[in-house]
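Following: one structure in structure tokens, then a few remarks.
The values are calculated or read from the model by the stated rules, or taken from the named source; none is laboratory data. These numbers come from a predicted model, not from an experiment. Cβ: placed from backbone, ideal geometry, glycine included. Neighbour counts: every protein chain shown.
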Amino acid sequence: MIKYKSISKLLIITILIVTGFLFASNSKILKAEPVYFSVTISDDATPAVVARILEAKEKPISEISFEKGTYHFYPDKGYEKFCYISNHGDLMVKTPFPIFDFKNLTINGNGSTFIFHGVIIPFLIDNSSNITVKNVSIDWNEAFHSEGLIVANNEKNKTFDMQISDEYPYDIRNGEIFFIKEYYEHSLGQSILYDPERKAIAFETEKYTNISTKSKTSITNNIDKIKYKYGVDTKDLAIRNVGWENRAKVEQLKPGLVRVYGHKKELPPVGMILTMKGSQGYNRVSPAFRITQTSGFNALNVNVHHAGGMGIIAENSSDLILDNFNVTPSKGRMVSTTADATHFVGCRGKVVLKNCTFQNQLDDASNVHGTYQIVVDIIDEYSIGVRMGHHQQQGFVVGQPNDNLGFVRLSDSFDPYDKATIKNIQYLNGRYQIITFNEKVPSNLKTGDLVENLDAYPEFTVDNCNISNNRARGLLISTPKKTVIKNNYFSTEMEAILIPVESSSWYESGSVKDLVIENNTFQDCQHSGFNRGVIRFDTDDDNQNIAFKNIEITNNKFNQFDNLVLQIINTDGLLFKGNTITNSGSFSMLYPENPAIKIEHSKNIKFQKNKYKGKANIILEADENLQSLKFR
């Protein structure tokens, strides 16, 4: 006779054996495998790549590799998703690489070139971890910008003539020129001059560009009576053109040769190349990499030759390392990416750029910052309503549960006056969110104050990089975490390094507290015409509050055509040591009256063992609080 207890034990053992067998079987089935694509898909690789990636939940992937070759990717059969993209347009985008919820994935091009067509994001990476992209070059078949050679100008009639190659098809509608691409077009819009001999931004381009494309509308009726209940961003695409009309008129003299009327600045010199990328707010639609909510991203031996936006835009991600990640133009173009080479918003952990080249992009080499949100409602003791200040921050994820948010009133201090941890965030729309805290909000909180995520800043390192020939700055740094900028070469048309607090337009938060700039070479920066330092500290708010602390600038070489090298403001603790300043003679001086160094609203500034061989009549100019300070 078999007892029930024995039957129960037998049943349990049987269940365990069967369960173990099934688990082992499932483990075997779900084991990640490498995927290999050959050049047979190169005519349009999008469908095959998308199809296999979308099968990954049932058939996990450890590596996607490509036979070395040239692959074309079209948007028509790409995976579609609506994206709010920080510092870009918000739009429905298509991608051949929808990397969502992946872990431990490598994408290896094996030296291949990926050529993209139209409005498409090559790599869309979200909510993933330990992702590596390596050994690949990224380019576009048709550029998102256009170029024209200045062949004549007429001072009397205030016109200039521009030769446009067949690479940049166009049409002219009611006197306005539009450049036609695959799946895309742009107006003249934002523009800047390049010097084709130097393949760099033209000297003193600010005298000539931007080309004047807008003027006040000549006829309006009652638009001043339109009132808004809530705050309005005048740069928002819905209203930015109110009160403005097209000023620049274009006529075709013969195919490929056009004449431009209505420019207000000086006429661009003959022989220069005018690069044009369309109207601001509409011309950032296709970054090469968009990374969100991802922990661990590595790019190794990656070349980005072009993109209709940034080379990489990373948001709310951590531990990103770019090694030999190069942004350089191809096909004889003056321009690589039409915006920043790299950009990091609300990231944490470590961000490392090493052995990289960032050249000819139409904005900064890198920008690292958080975001300010404006307090517009104090709902109760635990909840507030916040508004995104800039239209290109819409949809940005402010933080996650238990992150520390700081409350900031910049008129009093650049540092938070209090903080609280997030309980949850209700995203009502792209611009307005309700944040509920675990603790009571400060009793002295006011509408108009700002909040910033104190946990969403990374340590930042830039090592052995070449940053040159681009529009705008080299590095914008707004993180209080340890930052080291070393062994780099800078030659930029604006500041090589800008340390800002941008609180009134872009609402980019972060105040530098621990920065080392060492062993770098600065060659002829600020050559576009701005009267600013090569390294500049700056705040939007005109007050004397301390914003920056613990800065070391050591053992650098400044070889400049002009005088002003360093502008210090609102700083407590800066050491300038072992630096050499010389005059290059590369260009004529624009501001010979400037000193080499300007200091305002600062304290604990030290100069030690520096060498000055420049041409400034006064090396150091400081406000009344530092009259005893000497350059040494």
Conditions: (1) crowded, with 17+ Cβ neighbours inside 10 Å; (2) on the phi < 0 side of the Ramachandran plot; (3) of a type in the set (S, T, N, Q). Asn469 meets all but one. Number of the miss?
(2)
Might you let me know whether region 226-244 holds any residue that is under 16 Å from Ile150 (Cβ atoms) and in contact (Cβ under 8 Å) with a residue 40 or more places away in the chain?
no
So Lys31 clears everything in (1) modelled with pLDDT of 90 or more; (2) exposed (fewer than 12 other Cβ atoms within 10 Å of the Cβ); (3) in a helix (DSSP H, G or I) except one condition, right? Which one?
(3)
Considering each residue of region 66-80, count those that are closer than 19 Å to Thr106 by Cβ and assigned to a loop (DSSP other than H, G, I, E, B), and give that number.
3
Pro255 passes all but one of the listed conditions (1) more than 27 Å from Tyr507 (Cα to Cα); (2) touching a Leu at 6+ places or on another chain (Cβ under 9 Å); the exception is number (2)
Quick one: in region 177-210, which of the residues that are in a strand (DSSP E or B) and of a type in the set (S, T, N, Q) is farthest from Ser279 (Cα to Cα)?
Ser191
Subset of region 160-176 (residues that are part of a loop (DSSP other than H, G, I, E, B) and over 30 Å from the mean Cα position of the chain (by Cα)):
Asp166, Asn174, Gly175
Tell me whether region 139-150 contains one or more residues that are touching a residue at least 12 places away in the same chain (Cβ under 8 Å), under 23 Å from Thr70 (Cα atoms) and aliphatic (A, V, I, L, M).
yes
If the Cβ limit is 7 Å and pairs must be 6+ apart or interchain, which residue in region 331-351 that is assigned to a strand (DSSP E or B) pairs with which residue that is surrounded by fewer than 22 Cβ atoms within 10 Å (Cβ to Cβ) and among the charged types (D, E, K, R)?
Arg348/Asp455; Gly349/Asp319; Lys350/Asp319; Lys350/Glu459
Examine region 268-277 for a residue that is within 17 Å of the chain's Cα centre (by Cα) and either over 25 Å from Cys83 (Cα atoms) or modelled with pLDDT of 95 or more (or both), and state whether such a residue exists.
yes
Could you check region 108-159 for strands (runs of 3 or more DSSP E) lying wholly inside it with 1 or more residues that are on the phi > 0 side of the Ramachandran plot and in the same structural domain as Gly296 (by TED's automatic domain parsing)?
129-140
Suppose the filter is surrounded by 15 or more Cβ atoms within 10 Å (Cβ to Cβ), under 25 Å from Gly118 (Cβ atoms) and touching a His at 6+ places or on another chain (Cβ under 9 Å); does Phe179 pass it?
yes
Could you identify the single residue in Leu257, Leu300 that is surrounded by fewer than 19 Cβ atoms within 10 Å (Cβ to Cβ), more than 24 Å from the chain's Cα centre (by Cα) and at negative phi?
Leu257
For Val398, work out the one condition from (1) of a type in the set (Val, Ile, Thr); (2) farther than 20 Å from Ser511 by Cα; (3) under 20 Å from the mean Cα position of the chain (by Cα) it doesn't fulfil.
(2)
Every residue from region 196-216 that is farther than 26 Å from Glu176 by Cα and either of a type in the set (D, E, K, R) or free of Cβ contacts under 8 Å to residues at least 24 places away in the same chain (or both)
Glu197, Arg198, Lys199, Glu204
